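Chemist: Take a look at this one; I'll ask things after.
The values are calculated or read from the model by the stated rules, or taken from the named source; none is laboratory data. What you are looking at is a predicted structure, and each value in this text was computed from that prediction instead of being measured. Neighbour counts are summed over all protein chains in view; Cβ atoms, including those assigned to glycine, are modelled from backbone coordinates with ideal geometry. The accessibility values were calculated without ligands, DNA or RNA, using every heavy atom of the protein model including side chains. Shrake-Rupley method; radii C 1.70, N 1.55, O 1.52, S 1.80 Å.
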Amino acid sequence: MKPQVYKDPRPAEYFDRFHERARRRRPDWIYDFCRLVLTPIMVLVYRTRAIDTDKVPSHGAAIVAPNHFSFLDHFFVAVYLRRKVQFMAKSQLFARPMQFIYTHGGVFPVRRGQRDEKSFETARKVLDRGDIVLMYLEGGRSRSGRLGEAKPGVGRLALETGVPVVPTAIVGSAKARNWKRGQFPKVTVQYGDAIRFEPVENPSREQAQAAATIVFAEVEKLYYGVQEGGRKRAVRASRAARRAGRKAMDAAEAATRRPVPR
């Protein structure tokens, strides 16, 4: 296993053009092309199943906050979402020839190990125009095969913007690299109920960490629920919850009806 490189030696100015594009333009045809090519792989090879995609807002700004095991997690999370997602990803990915794909596909860089304010400025711009940002709760990939720890980044962005955060669990992608041995794990993605925090101007690191920890706790519940109970059980529980929700809405609607005066 290659060691992770946390600091990018290139100057911050090198990445300005990628930030500018992400701030000014939405993902273009490259995003659609990648989805077209990769969806059969995600669905047929990794047997990817997404649960509760309806919990991702159908319109307006939102942060999707998953755990992170594999470089394929971007695709596992986005493959079943109708809306296009813009991803915050490590700056080391931005090298020729792939930087063209990333830039046009909605990815923008973050310089890990640095206080990279430009990445947060770009994320806020994307959210300001009502789009979705994907930001990993652990900051980088967990290489232990187990969930890592929440970093304050997601909490900071959520507090600064006040937009809903969708906790997202990716189960199975820790073994996605087993394709080199002819093994293709089954991957399940489950989206949780959106969490919204009251906006805080210039949140402290402690406040950001506390918010991120709240979101990560929901990811842990989803993750271990699928891991221990299995995908089928998670799907059944999701369907039961939706049925119960519809019944409650129907009952509430019926209670508000009044007989027509004679």
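Chemist: Does segment 2-58 hold any residues that are part of a loop (DSSP other than H, G, I, E, B), at negative phi, open to solvent by 80 Å² or more (accessible area, probe 1.4 Å) and not polar (S, T, N, Q), and which are they?
Modeler: Taking segment 2-58 and keeping what is part of a loop (DSSP other than H, G, I, E, B), we get 2-11, 25-28, 46-48, 52, 56-58.
Going one step further and asking which of them are at negative phi, we end up with 2-11, 25-28, 46, 48, 56-58.
After this cut, where a residue has to be open to solvent by 80 Å² or more (accessible area, probe 1.4 Å) as well, the list is 2-3, 5-7, 9, 25-26, 58.
If the condition is that a residue be part of a loop (DSSP other than H, G, I, E, B), at negative phi, open to solvent by 80 Å² or more (accessible area, probe 1.4 Å) and not polar (S, T, N, Q), then K2, P3, V5, Y6, K7, P9, R25, R26 are the ones that fit.
Chemist: Evaluate the following for F75: is it open to solvent by 10 Å² or more (accessible area, probe 1.4 Å), in contact with a Leu (Cβ under 8 Å, 6 or more places away or on another chain) and part of a strand (DSSP E or B)?
Modeler: no
Chemist: Among the candidates G139, G145, G153, single out the residue that is surrounded by fewer than 23 Cβ atoms within 10 Å (Cβ to Cβ) and closer than 15 Å to A65 by Cβ.
Modeler: Going through G139, G145, G153 in turn, just one is surrounded by fewer than 23 Cβ atoms within 10 Å (Cβ to Cβ) and closer than 15 Å to A65 by Cβ: G139.
Chemist: Considering V189, V200, which residue is open to solvent by less than 20 Å² (accessible area, probe 1.4 Å), at pLDDT 90 or above and closer than 30 Å to L127 by Cα?
Modeler: Numbers: V200 fails: open to solvent by less than 20 Å² (accessible area, probe 1.4 Å).
Result of the check over V189, V200: V189.
Chemist: Would you check if there is a residue in segment 248-260 being assigned to a helix (DSSP H, G or I), modelled with pLDDT of 95 or more and either in contact with a strand residue (DSSP E or B) (Cβ under 9 Å, 6 or more places away or on another chain) or small (G, A, S) (or both)?
Modeler: No: segment 248-260 contains no residue that is assigned to a helix (DSSP H, G or I), modelled with pLDDT of 95 or more and either in contact with a strand residue (DSSP E or B) (Cβ under 9 Å, 6 or more places away or on another chain) or small (G, A, S) (or both).
Chemist: Which condition breaks for R205 when tested against (1) touching a Pro at 6+ places or on another chain (Cβ under 7 Å); (2) surrounded by 11 or more Cβ atoms within 10 Å (Cβ to Cβ)?
Modeler: So the condition that R205 fails would be (2).
Chemist: Return the residue satisfying two criteria in turn: it lies in segment 92-125 and is among the basic types (K, R) and at pLDDT 95 or above, and of such residues it is surrounded by the most Cβ atoms within 10 Å (Cβ to Cβ).
Modeler: This residue is K118.
Chemist: Sticking with this structure for a sec: Which numbered condition trips up T48, out of (1) within 26 Å of K118 (Cα to Cα); (2) under 20 Å from the mean Cα position of the chain (by Cα); (3) of a type outside the set (D, E, K, R)?
Modeler: (1) is the only condition that T48 fails.
Chemist: Considering only residues that are in contact with a Pro (Cβ under 6 Å, 6 or more places away or on another chain) and within 16 Å of L134 (Cα to Cα), which ones fall in segment 167-202?
Modeler: If the condition is that a residue be in contact with a Pro (Cβ under 6 Å, 6 or more places away or on another chain) and within 16 Å of L134 (Cα to Cα), then T168, I170, G192, A194, R196 are the ones that fit.
Chemist: Related question: Restricting the search to segment 59-72, which residues are under 25 Å from R146 (Cα atoms) and assigned to a strand (DSSP E or B)?
Modeler: Taking segment 59-72 as the starting set, the residues that turn out to be under 25 Å from R146 (Cα atoms) are 63-72.
Those that are under 25 Å from R146 (Cα atoms) and assigned to a strand (DSSP E or B): I63, V64, A65, P66.
Chemist: How many of the residues in segment 78-88 are buried (at least 22 other Cβ atoms within 10 Å of the Cβ), within 21 Å of R156 (Cβ to Cβ) and not aromatic (F, W, Y)?
Modeler: Matching residues across segment 78-88 total 2.
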